[in-house]
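Data first, discussion second: the structure below is written as structure tokens.
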Amino acid sequence: MSAGAYNPPCGGLPGQTRLMTGRAVFTEAYAVIPHGVMSDIVTSQLPGWDRTQAWILARPLSGFAETFAQYLMEVAPGGGSQAPEPEPQAQGVLFVVAGTASLTLDGARHALRPGSYAYLAPGAAWALHNDGDAPLRFHWIRKAYQPAAGLEAPTAFVTHESAVEPAGMVGTDGAWATTRFVASDDLRHDMHVNIVSLRPGASIPFEETHVMEHGLFVLEGKAVYRLNRDWVEVEAGDFMWLRAFCPQACYAGGPGPFRYLLYKDVNRHAALAPRGLGR
């Protein structure tokens, strides 16, 4: 992929002459956070992280999307963390979009670059530092691991997008494809973070309506996305946040590919209310 194919935010602050009307929206079924509102003044500082700021794009919200948090992290040269994850039951995925990093994971060191992908198993010991001379930017997706009887917890691993062959959707001749970093039938995993790619003019041709929650960060290109009752234009750098059962479909607009990083919760029973509740 080209150096600009992952579209990290540029931060900064819009000028005083700019109109404030934009595309940001939060509804009962979905939210759109355009790249233009990801300014430095909406970032958070995180305990345990040095020379770091985070755009917190999603966090569990009762009655909305409840399974995950998604951060877009920016670490200045020399910054990072020796103890990044505060919750021992959490698992995570890191996906690098700019800069380089040194990841120590369960005692092994890994050099990360744009397109690098790391799965952090629950309880994994890890540390991350920016060992380059430019800002490091990466997605950090966190989810509390949900154990299942008879299944071991998954193991941590590190790979790169270029090492995973995209799988074309049936009947699309590769126009709609998914880069899957975890096998669909590996039931140890209760979340997937994949890259979905559509060629110009390709579409998701029906309104998907399903139990999985989504975080979608547009890495490249533009599209018109069907979200619940609305058609919404999105482009590289935008984030979409979907609750369970929000109808969704899209057309890729071109002139280049439309690609996004996709989170979804998978492979677990729906939790039921305690017996006797409401009686």
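The values are calculated or read from the model by the stated rules, or taken from the named source; none is laboratory data. As the structure is a computational prediction, the values presented were derived from the model and not from experiment. Because the Cβ atoms are built from the backbone with ideal geometry, glycine has one as well, and the counts that use them run over all protein chains shown. What goes into the accessible areas is simple: the full protein's heavy atoms, side chains included, and nothing from ligands, DNA or RNA. Shrake-Rupley method; radii C 1.70, N 1.55, O 1.52, S 1.80 Å.
Odds and ends about this structure:
- Backbone HN-Hα couplings from phi across the stretch 50-63 [Karplus 6.51/-1.76/1.60, Hz, Gly and Pro as x]: 9, 6, 9, 10, 9, 8, 8, 7, 8, 8, x, 10, 4, x
- All alpha carbon pair distances within the stretch 139-239 were sorted into 5 Å bins beginning at 0; the resulting P(r) in whole percents reads 2, 9, 17, 22, 21, 15, 9, 4, 1.
- Residues whose amide H comes within less than 5 Å of that of Gly132, counting only those at least five positions distant or on another chain, are Gly78, Thr100 (H built at 1.01 Å from N in the peptide plane).
- Residue-level accessible surface for Tyr71, protein heavy atoms, 1.4 Å, Å²: 30
- Amide H partners (placed H, <5 Å) of Met191, local residues excluded: Val266
- Accessible surface ranking for His160, His269, 1.4 angstrom probe, highest first: His269, His160.
- Peptide packing: for 13-21, 189-197, the average count of neighbouring Cβ atoms within 10 Å per residue gives the ranking 189-197, 13-21, highest mean first.
- Net length gained if the chain between Val25 and Gln82 were fully extended (0.36 nm per residue, minus Cα distance): 16.9 nm
- When Arg113, Arg180 are compared by accessible area of protein heavy atoms, the largest-first order is Arg113, Arg180, using a 1.4 Å probe.
- Fraction in percent of alpha-carbon pairs per bin - 10 Å, the stretch 1-115: 11, 36, 36, 15, 2, 0
- Structural descriptor for the stretch 129-189: relative contact order 27 percent, calculated from alpha carbon pairs under 8 angstrom and at least 6 residues apart.
- Order of exposure, largest accessible area first, which applies to Arg226, Arg23, Arg142 with probe 1.4 Å: Arg23, Arg226, Arg142
- The chain: proportion of alpha-carbon pairs further apart than 27 angstrom, %: 39
- Taken over the stretch 112-155, the percentage of Cα pairs per 10 Å bin, counting from 0 up to the bin with the maximum distance, is 19, 45, 25, 10, 2.
- The stretch 161-279, relative contact order [Cα under 8 Å, separation at least 6], %: 29
- On the chain, 55 percent of the accessible area sits on carbon and sulfur atoms, based on a 1.4 Å probe.
- The chain, relative contact order [Cα under 8 Å, separation at least 6], %: 18
- Protection proxy ranking of 53-63, 96-106 - average other beta-carbon atoms within 10 Å, highest first: 96-106, 53-63
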